[in-house]
Amino acid sequence: MTESKDTTARFVAAFNAHDEKALNELHSDDIKFNAPGGFKATNAKDATAYAMTWLKAFPDGKMTVRTELTSGPWVVQEVAMEGTHTAPLESPTGTIAPTYKKVVGYGVQLLRVENGKIAEARIYFDQLDQMSQLGLIPAPAAV
């Protein structure tokens, strides 16, 4: 297994274990991290806090890697995220009270590994679909 794949596999395992310490150790001190909603982090603490925001709101939350492509230091993962929203979710627009709804969302993360740590991460997911599943906006009409 390459260093990149090994590091990203450890990241997914730490995420699913909700292990804040392990996540923090896997993020580079000067990580470049971007996520939907304009979120940016430039240090391990803030990148880890982003993951923990989700894991606190979805205590049973887990990530499943559906497809993975590796090229040099880059790993691209298509992921399924699922969990039940049973605790407050801190969002860019404020706190979202628990909806007690189970959600399954799909996304992609591009991860660049350097020296056994994630040096760069870009995450993409469908925010509209997620908000619909949480019942926060009406679901689109079926065609």
**Fill in**
Highest GNM mean-square fluctuation among Val79, Val113, Val104, for the chain with Cα springs under 10 Å, belongs to Val104
**Message:** Tell me the mean residue ellipticity at 222 nm calculated for the chain from its helices only (DSSP H runs of n ≥ 4, each -39500 (n - 2.57), averaged over every residue, nearest 500).
**Reply:** -9000 deg cm²/dmol
**Fill in**
Within the chain, pairs of Lys residues whose Cα atoms are less than 22 angstrom apart, provided they are eight or more positions apart or on distinct chains, add up to 23
**Complete:** Expressed in angstrom and rounded, the centroid-to-centroid distance over alpha carbons for region 87-107 and region 1-74 is 18 Å
**Complete:** Under the 7 Å Cα-to-Cβ spin-label approximation, Asp19 and Ile137 lie apart by a distance in nanometres of 3.6 nm
**Request:** Please state the charge dipole magnitude for region 1-137, taken about the Cα centre, from unit charges on C-beta atoms (+1 on K and R, -1 on D and E), reported in debye and rounded to the nearest 20.
**Result:** 180 debye
**Request:** Leaving out ligands and nucleic acids, note down the accessible area per residue over the chain with a 1.4 angstrom probe, in whole Å².
**Result:** 55 Å²
**Request:** With springs connecting C-alpha atoms under 10 Å apart, model the chain as a Gaussian network and identify which of Leu55, Leu69, Leu89 has the largest mean-square fluctuation.
**Result:** Leu69
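The values are calculated or read from the model by the stated rules, or taken from the named source; none is laboratory data. If you're wondering where the values come from, they're calculated on a predicted model, not measured in any experiment. So basically every Cβ, Gly included, is an ideal-geometry build from the backbone, and we count neighbours across all protein chains shown. Surface areas here come from the heavy atoms of the whole protein model, side chains and all, with no ligands, DNA or RNA. Shrake-Rupley method; radii C 1.70, N 1.55, O 1.52, S 1.80 Å.
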